[in-house]
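Scroll down for the structure; my scribbles are underneath it.
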Amino acid sequence: MAAPVGPYTPIVRAGEWLVVSGQVGAVGGRLVRGGFEDELRQALANLAALLEANGASLRDITKTTVFLRHMASDFPRMNVVYAEIFGDHRPARSTIGVAELPLGALVEVEAWAHVGAG
């Protein structure tokens, strides 16, 4: 699992919910190489690892927020990778264009997952 790059908790349980802080495509504190798609795949893998460590999976996600550095060029590419990873499971989603992200990332993804009373 990716270590946080600031003073926050990467995942918090709030009753029946797991709230996952924004994940970038980093391993060992460094962004993966390969560009936007590889960063997004790694960000989603980091998100999945946090959920799995807490007894959940991507299928439990009900809402994501995706932050993009380059909305015009990366939004269509994000949709392709997002659909590849999530398959038929389609959580509610917001996508927001931003000026900068931690570590100089091109994409960041946060999520809410409903897991029941557990």
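Restricting the range 96-118 to residues that are touching a Ser or Thr at 6+ places or on another chain (Cβ under 9 Å) and within 21 Å of residue 51 (Cα to Cα) leaves a set whose member that is surrounded by the fewest Cβ atoms within 10 Å (Cβ to Cβ) is 114.
Answer yes or no as to whether residue 55 is assigned to a loop (DSSP other than H, G, I, E, B) and either surrounded by 15 or more Cβ atoms within 10 Å (Cβ to Cβ) or in contact (Cβ under 8 Å) with a residue 24 or more places away in the chain (or both).
Details: assigned to a loop (DSSP other than H, G, I, E, B): yes; either surrounded by 15 or more Cβ atoms within 10 Å (Cβ to Cβ) or in contact (Cβ under 8 Å) with a residue 24 or more places away in the chain (or both): yes.
Judged against the criteria, residue 55 is a match.
Checked against (1) surrounded by 12 or more Cβ atoms within 10 Å (Cβ to Cβ); (2) among the small types (Gly, Ala, Ser); (3) part of a strand (DSSP E or B), residue 43 meets all criteria but (3). Checked against (1) within 15 Å of residue 104 (Cα to Cα); (2) in contact with an Asp or Glu (Cβ under 8 Å, 6 or more places away or on another chain); (3) of a type in the set (A, V, I, L, M), residue 18 passes all but condition (1). Is it the case that residue 77 is exposed (fewer than 13 other Cβ atoms within 10 Å of the Cβ), at negative phi and either assigned to a helix (DSSP H, G or I) or not aliphatic (A, V, I, L, M) (or both)? So residue 77 does not fit the description; no.
The single condition among (1) out of contact with any helix residue (DSSP H, G or I) (no Cβ under 8 Å at 6 or more places or on another chain); (2) touching a residue at least 24 places away in the same chain (Cβ under 8 Å); (3) in a helix (DSSP H, G or I) that residue 84 does not meet is (2).
Criterion applied to 90, 69 was being charged (D, E, K, R), farther than 15 Å from residue 48 by Cβ and surrounded by 13 or more Cβ atoms within 10 Å (Cβ to Cβ), and the one residue passing it is 69.
Every number here is computed from the coordinates shown, using simple stated rules; none is lab data. Since the structure is predicted, the reported quantities are computational estimates derived from the model, not experimental observations. Here Cβ is always computed from backbone atoms with ideal geometry, including for glycine, and neighbour counts include all displayed protein chains.
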